[in-house]
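In what follows, a structure is listed as structure tokens, so that the remarks can point back to it.
The values are calculated or read from the model by the stated rules, or taken from the named source; none is laboratory data. It should be emphasised that the depicted structure is a prediction, and the values quoted were computed from it without experimental measurement. Quick reminder, even Gly has a Cβ in these numbers, built from the backbone with ideal geometry, and neighbours come from all protein chains shown.
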Amino acid sequence: MQNFRYIDKVATLSLDRESCIGCGSCVTVCPHRIFTVTERKAVIEDHDACMECGACAKNCPVEAISVTPGVGCAAEIIARWVNGFTGRKIMPGCC
């Protein structure tokens, strides 16, 4: 999702593969589809696409994922997307 990036190499997203049980919840809830499950463990396929919304961490039943919501400014990314998609100017997030 190249058009939905904020700043490369700053996402606070981390995954503890040892703790991961491969349930796939992160795959299901991630709006940017950055996770896959390979060999019964989650894999971060595109770390820089993370907008730090926190959905993956909140839905991980074993707390194998951590992220600090708001650091990557999901609200700003969403505002840019809505502005481009609808042509309407909406209030940007925190940035």
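Can we say Ala49 is crowded, with 18+ Cβ neighbours inside 10 Å and either within 30 Å of Asn83 (Cβ to Cβ) or touching a Pro at 6+ places or on another chain (Cβ under 9 Å) (or both)? Against the criterion (crowded, with 18+ Cβ neighbours inside 10 Å and either within 30 Å of Asn83 (Cβ to Cβ) or touching a Pro at 6+ places or on another chain (Cβ under 9 Å) (or both)), Ala49 qualifies. Filtering region 18-65 to residues that are within 20 Å of Ile7 (Cα to Cα) and of a type in the set (Asp, Glu) leaves Glu45, Asp46, Asp48, Glu52.
For region 25-55, residues that are at pLDDT 90 or above and over 15 Å from Ser66 (Cα atoms) total 10. Looking at Gly72 and the list (1) of a type in the set (Gly, Ala, Ser); (2) outside any helix (DSSP H, G or I); (3) modelled with pLDDT of 75 or more, which single condition is not satisfied? Condition not satisfied by Gly72: (3).
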